Amino acid sequence: MDGEVDIHLIKLDAEQTVPDAEHNGAVLVKGEPKGKPMGWLKIRRGHQAMLPKNTAYQFSAAKPAVVIQQTCKGDLSIERWAEICQTA
C-alpha cells in the first residue's frame, strides 16, 4: 500500500450475492451494484482493510497510489507468479 485510497462499500441485494456458500474468490457483479451503501474506508501506507463477504467495493484515489489485494483463488483469479518472479 502506497499513497492514499478510498474504498466505498455496498451491501449487495440478494439477487447479486453468491448463493453458494462454498464459492471462493472475487465475483464480478453484473451491472451497477444494487444495495445499501455501507460507508467507506480511507487507507494509507501500512494500513490493511478487510472487505466483507457479499459486498461490492470500489477503489478510488485522487493521486497515483498502489494497492495489493489478496483474495482466495476463484473464477476471476489469474496466477502470474511464474511470469513476474525470478526464481533463480
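The values are calculated or read from the model by the stated rules, or taken from the named source; none is laboratory data. These numbers were taken from a predicted model, which means no experiment stands behind them. A quick note on method: Cβ atoms are made from the backbone with ideal geometry, for glycine too, and the neighbour counts reach across all protein chains shown. Remember, those area values only see protein heavy atoms, side chains included, never the ligands or the DNA or RNA. Shrake-Rupley method; radii C 1.70, N 1.55, O 1.52, S 1.80 Å.
One table, with the values for the structure above:
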quantity: Top-ranked residue of the range 20-44 - restricted to ones that are over 19 Å from Thr71 (Cβ atoms) and either hydrophobic (A, V, I, L, M, F, W, C) or open to solvent by 50 Å² or more (accessible area, probe 1.4 Å) (or both), ranked as modelled with the lowest pLDDT; calculated: Gly31
quantity: Conditions (1) loosely packed, with under 10 Cβ neighbours inside 10 Å; (2) under 20 Å from Leu76 (Cβ atoms): number failed by Gln48; calculated: (2)
quantity: Considering residues of the range 68-88 that are open to solvent by less than 60 Å² (accessible area, probe 1.4 Å) and in contact (Cβ under 8 Å) with a residue 40 or more places away in the chain only, the residue farthest from His23 (Cα to Cα); calculated: Ser77
quantity: Residue in the range 1-19 that is least open to solvent (accessible area, probe 1.4 Å), counting only those that are in a helix (DSSP H, G or I) and out of contact with any strand residue (DSSP E or B) (no Cβ under 8 Å at 6 or more places or on another chain); calculated: Ala14
quantity: Within the range 51-67, considering residues that are open to solvent by 100 Å² or more (accessible area, probe 1.4 Å) and at pLDDT 90 or above, the one nearest to the chain's Cα centre (by Cα); calculated: Gln58
quantity: Selection count, the range 25-80, where residues are among the β-branched types (Val, Ile, Thr) and touching a Lys or Arg at 6+ places or on another chain (Cβ under 9 Å); calculated: 1
